[in-house]
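Report on one structure; see the data block that follows.
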Amino acid sequence: MPAPAIFKNPEHQATFEKQGFLVLPFLNEEEVRHMDKLFDELHPNLPADGFFAGSYSSDMEYKKRVSEEIKIVFKRRYEEVFQNYTPFGGAYLFKMPAPNSDLFIHQDWTVVDESKNIALNIWTPLCDITPENGPLMVLPGSHYAAFPVMRAPTMRYFFDHDYHLAMEQLEPMIVKAGTAVILNQSLIHYSPPNKSDKIRKAITAGVKTKDAQMIFHYKDTERNDNQIEKFEMDDDFFIQFEDFFKDIYKRPTVGTSLGFIEYEVPMLKGEELKNRLRKMKTDAGFTFKEIEEKIPEPQVAEIVEMTSKEEKNFWQVYTPMNIAREIKFRVTGK
Ligand SMILES: O=C(O)CCC(=O)C(=O)O
Ligand SMILES: [Fe+2]
């Protein structure tokens, strides 16, 4: 049994199921201003560069305060948009204007049993998003219903081996401040560096199927088998890590172990991955970008034609720089 409908509006539900995400106006101007002001109050000293999530912080008070405020401010709209739901808090996400502020392509962790329940990430920017300031980019149709996989910090992504094939198919979410991109947490997403001259602030707010048990998986990377330990967790476990980048890779010290399950992530690569991504994207109603992988040989016929027309010899037309540019164009289309 898949998760019961979580959107009140059947059209929202249908679009969300098809695409794995839905774009909806969410916070009004006043709510955006309120969350933006709170961010400034709580972050008097900003880092020089990088991407940050509030959940990386070791300050428990700060993380609880933000998570509770998100539940309060988002409630107005939750009540209008959702049914059969439980909110589970959230965090600020910010990108400093710097080349290292990108976030690697990923799927969010499995936090509910996705065969029965659903977990949403309501990603809401506090400024207008442009192609330059680090937009969220999603791979339409790559969610659990199309390809059911489990995710955890010590588990690989099914597209890891050839992740560039997934990168090529991402679509940027160019949305105004307060407009949410509501993602299924299993959807593949990424965000490029912020190339503007201002910080890019956003909020991630969690909503799940009503009363769904939070779960988390731990794969001991020392083990050479497919045993994965499953834990029942509190709703706000993602803000309970003290030293985020160390603790997420360790066996959890909070929650209750339910014992082990046998599971192996199906790893796809090359043509098999490409075909799967093509199906995902086209089923979601998006165009798959057919990108030629092979670096083409310079085509002699073309050169001869150009040489006679332009009366230039090979090296005048095809300087090493031109060749490099041509190859880049043929590979990336830019
Ligand atoms: O804010 C971003 O750029 C990325 C957000 C993200 O990965 C998430 O909300 O799960
Ligand atoms: Fe994410």
Check: What are the residues whose amide H is under 5 Å from the amide H of residue 175, where those residues sit 5 or more places off or on another chain and H is modelled from the backbone?
Finding: 129
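I need 217, 43, 189 ordered by Cβ neighbour count within 10 Å, fewest first. Display every interim value, and only then the final one.
Working: 217 20, 43 17, 189 25.
So the ranking, lowest neighbour count to highest, is 43, 217, 189.
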Note to self: What do you get for GluC sites (Glu not before Pro) in segment 209-265 restricted to DSSP loop and a cutoff of at most 16 other Cβ within 10 Å of the site's Cβ?
What the structure shows: 222, 242, 264
Check: What are the residues whose amide H is under 5 Å from the amide H of residue 240, where those residues sit 5 or more places off or on another chain and H is modelled from the backbone?
Finding: none
Next item on the list: For helix 10-19, report the angle its Cα long axis makes with the longest principal axis of the Cα atoms of the chain; keep it between 0 and 90° and round to the nearest 10°.
Entry: 50 degrees
Notebook entry, point to check: For 235, 40, 283, what's the fewest-to-most ordering of other Cβ within 10 Å of each Cβ?
Noted result: 40, 283, 235
Item checked: Translational diffusion coefficient (Stokes-Einstein; Kirkwood radius from C-alpha pairs) of the chain at 37 °C, 0.692 mPa s, in µm²/s -> 151 µm²/s
Margin query: Need the C-alpha centroid separation for segment 19-34 versus segment 114-161, integer Å.
Written below: 17 Å
Checklist line | Amide hydrogen neighbours beyond the local backbone of residue 89, cut-off 5 Å, H modeled | finding: 206
Notebook entry, point to check: Cross-link partners among aspartates and glutamates for residue 269, C-alpha distance below 18 Å, same-chain residues fewer than 8 apart left out?
Noted result: 160, 162, 168, 290, 292, 293
Checklist line | Loop chymotrypsin sites (Phe, Trp or Tyr not before Pro), segment 117-198 (other Cβ atoms within 10 Å of the site Cβ: 11 or fewer; DSSP) | finding: none
Notebook entry, point to check: To the nearest 10 degrees, how steep is helix 29-42 against the longest Cα principal axis of the chain, on a 0 to 90 scale?
Noted result: 80 degrees
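Only the coordinates and a few stated rules stand behind these numbers; no lab work does. Since the model is a prediction, treat every value here as computed from it, not as a measurement. Note: ideal-geometry Cβ built from the backbone for every residue, glycine included; neighbour counts use all protein chains shown.
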